[in-house]
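The values are calculated or read from the model by the stated rules, or taken from the named source; none is laboratory data. Every value quoted in this text rests on a predicted model; they were computed, and no experiment measured them. Note that each Cβ is placed from the backbone with ideal geometry, even for glycine, and that neighbours are counted across all protein chains shown.
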Amino acid sequence: MDQPAYELSAGALEPRVMHACATGRLRCTIGPEALRRIEDSAAAVAAILGTGAPIYGINTGFGKLAQTRIAPERLAQLQRNIVLSHSAGVGPALEPEVVRLILLLKAASLAQGFSGVRPVTVQALLELLNADLLPAIPSQGSVGASGDLAPLAHLAAVLIGEGEVLGERAPAAGAQALREHGLTALVLGPKEGLALLNGTQVSTSLSLWSWLRLERVMAAAIGAGALTLDAACGSDAPFDARIQALRNQPGQQRVAAMFRALIAASPLRASHQHCEKVQDPYCLRCQPQVMGACLDQIRHAAGVLIAEANGVSDNPLVFADTGEVISGGNFHAEPVAFAADNLALGICEIGSLAERRIAMLMDPALSGLPAFLTRDGGVHSGFMLAQVTAAALVSENKTLAFPASVDSIPTSANQEDHVSMATHGARRLATMVENCAAVIAIEWLCAAQALDFRRPLRSSAPLERLHAALRAAVPAMDEDRALAPDIEAVRRLVLDGTLACVDGPGWTLADAPQIDDAGRAPGGDAGRMK
């Protein structure tokens with residue numbers, strides 16, 4: 001099946017485009033308007049060079065060496081050397097999905113026509129992306145200003161026939177990989193090495209990929225919370241729309257609407273409509289307030305990241321219309337650092353509340369169910385240790401959630417004296433999402449087991465469908481068995497969207513304001529990534 005083609009144009013990258021690119025389902029080309037802007041920008045650099053005026057990064061050194069003039073005959077060497085000297089990263093290589101996003105975001109930034117590079121340079125990035133020839137980029141070595149220099153240098157190294165590309169078993173030499181794909185190593189022109197290295201594309205791509213995966217985790221968490229509520233015979237009164245309206249928090253109102261839709265017409269709920277229990281524990285009752293706050297936080301962070309993906313974070317910037325080259329600080333990744341920290345807080349709280357619901361289901365005094373969800377307690381331990389695993393993962397996420405953006409350390413002989421730490425703040429998100437997905441998987445297993453104990457009563461139609469999807473992968477636990485395979489199987493269902501609480505996998509939190517009171521996105525495919 002042919003991949004759909006996507007033309008780069010200014011400010012047009014949407015979440016579904018990013019997701020398709022990250023998962024290797026998109027080919028990219030340069031649109032005609034973008035091509036014109038790139039050509040004009042490159043022509044402006046050539047004209048400025050002709051004047052002999054000193055321009056940072058074009059005919060001067062870099063960072064603390066900005067006062068050093070470079071002779072015209074050494075300009076190509078200058079650009080090549082910055083790529084080689086800055087290829088100083090360490091640590092495991094970034095995941096293929098993240099590298100694809102980096103290639104897309106870097107090409108999109110350069111294609112806006114403010115970086116002074118030639119069309120052939122942008123095309124070289126797209127050739128790597130379209131051939132799925134992915135540079136091996138070490139994950140550590142960026143402080144998030146001046147841009148993601150070290151990791152982007154490893155990307156640029158492949159363009160010039162150096163560095164390594166990702167392979168099935170081990171990285172392969174960049175030069176050999178280019179030859180095998182019929183590609184030619186690039187000879188960098190003025191400004192091009194610096195333009196390839198400057199920018200926030202690595203920290204932004206790391207954050208975006210974790211956000212795209214987090215969407216499904218959160219959608220599964222809302223479904224798990226609703227099933228736990230019903231199986232524990234909790235009250236639906238706290239989800240009343242009038243309560244939410246008085247709080248005036250948009251995320252809370254959206255989440256409560258999803259819960260109302262998920263538990264509506266549940267025979268199990270109707271069976272205890274007039275019980276004597278007055279209030280449920282917070283982990284059930286306060287789900288709209290906590291998950292709604294997480295939704296608002298995540299949506300805000302997503303908006304920042306989408307804006308960053310569509311921005312220009314190079315330095316200096318070339319303004320072809322006036323023939324000016326202006327130095328600034330767009331490479332400073334503080335917005336990305338804050339967004340990553342906000343995502344970390346949301347991830348942490350989603351898992352934390354889910355773990356409390358798991359613990360509630362373990363306790364017969366609170367749940368009204370057999371201890372640890374097993375019929376023969378003592379001989380059987382049931383889900384006892386699954387709750388311990390959830391607690392361990394939640395605790396780990398709490399330590400990882402400490403904000404990275406409050407840290408800074410001077411670099412480049414104090415020329416770059418304040419940095420964002422966005423990149424490692426973004427990198428830790430992947431671990432946090434994996435941890436949270438496992439916690440939500442454990443809750444799904446426990447909530448499904450709890451519902452089985454309530455038979456022959458049934459839950460609502462949407463929750464029964466989700467319960468059936470889980471049971472198709474994992475049977476009920478009638479007696480003790482190793483739970484690790486079950487947790488992993490359900491974790492995969494969480495991450496692939498099978499257990500999402502809305503209309504099919506791929507619902508995007510960016511479209512959450514469009515979710516109606518039925519908890520579904522209107523217009524059929526609205527809010528879905530293909």
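Structural remarks
- Complete set of residues in segment 381-414 that are under 20 Å from A337 (Cβ atoms), loosely packed, with under 14 Cβ neighbours inside 10 Å and among the polar types (S, T, N, Q): T399
- Residue match in segment 182-196 (condition: in contact with a strand residue (DSSP E or B) (Cβ under 9 Å, 6 or more places away or on another chain), free of Cβ contacts under 8 Å to residues at least 60 places away in the same chain and of a type outside the set (D, E)): no
- Filtered residue count, segment 415-466, keeping only those that are surrounded by fewer than 20 Cβ atoms within 10 Å (Cβ to Cβ) and under 30 Å from Q273 (Cβ atoms): 10
- Filter result for G323 (surrounded by 13 or more Cβ atoms within 10 Å (Cβ to Cβ), within 26 Å of A42 (Cβ to Cβ) and modelled with pLDDT of 95 or more): no
- Summed over segment 219-277, the residues that are free of Cβ contacts under 8 Å to residues at least 12 places away in the same chain and within 24 Å of P370 (Cβ to Cβ) give a count of 3.
- Of the set (1) touching a Cys at 6+ places or on another chain (Cβ under 9 Å); (2) in a loop (DSSP other than H, G, I, E, B), all apply to N397 but (2).
- Only one of S85, S115 that is buried (at least 24 other Cβ atoms within 10 Å of the Cβ) and either polar (S, T, N, Q) or farther than 25 Å from S210 by Cβ (or both): S115
- You will find that of A309, A220, the residue that is within 30 Å of A153 (Cβ to Cβ) and either at pLDDT below 95 or crowded, with 22+ Cβ neighbours inside 10 Å (or both) is A309 and no other.
- Considering segment 486-502, and only residues there that are of a type in the set (A, V, I, L, M, F, W, C) and under 19 Å from the mean Cα position of the chain (by Cα), the residue that is surrounded by the fewest Cβ atoms within 10 Å (Cβ to Cβ) turns out to be L495.
- Options A153, A124, A170, A177; residue that is small (G, A, S), surrounded by fewer than 21 Cβ atoms within 10 Å (Cβ to Cβ) and not assigned by TED's automatic domain parsing to the domain that holds I263: A170
- Top-ranked residue in segment 183-217 [being in a helix (DSSP H, G or I) and among the polar types (S, T, N, Q); ranked as surrounded by the fewest Cβ atoms within 10 Å (Cβ to Cβ)]: S210
- Candidate set from segment 271-288 (those that are modelled with pLDDT of 90 or more and part of a helix (DSSP H, G or I)); member that is nearest to R458 (Cα to Cα): L284
- Which numbered condition S207 fails, given (1) more than 30 Å from A401 (Cα to Cα); (2) touching a residue at least 12 places away in the same chain (Cβ under 8 Å): (1)
- Residue list for segment 428-460, filter: under 18 Å from V388 (Cα atoms) and among the β-branched types (V, I, T): V439, I440, I442
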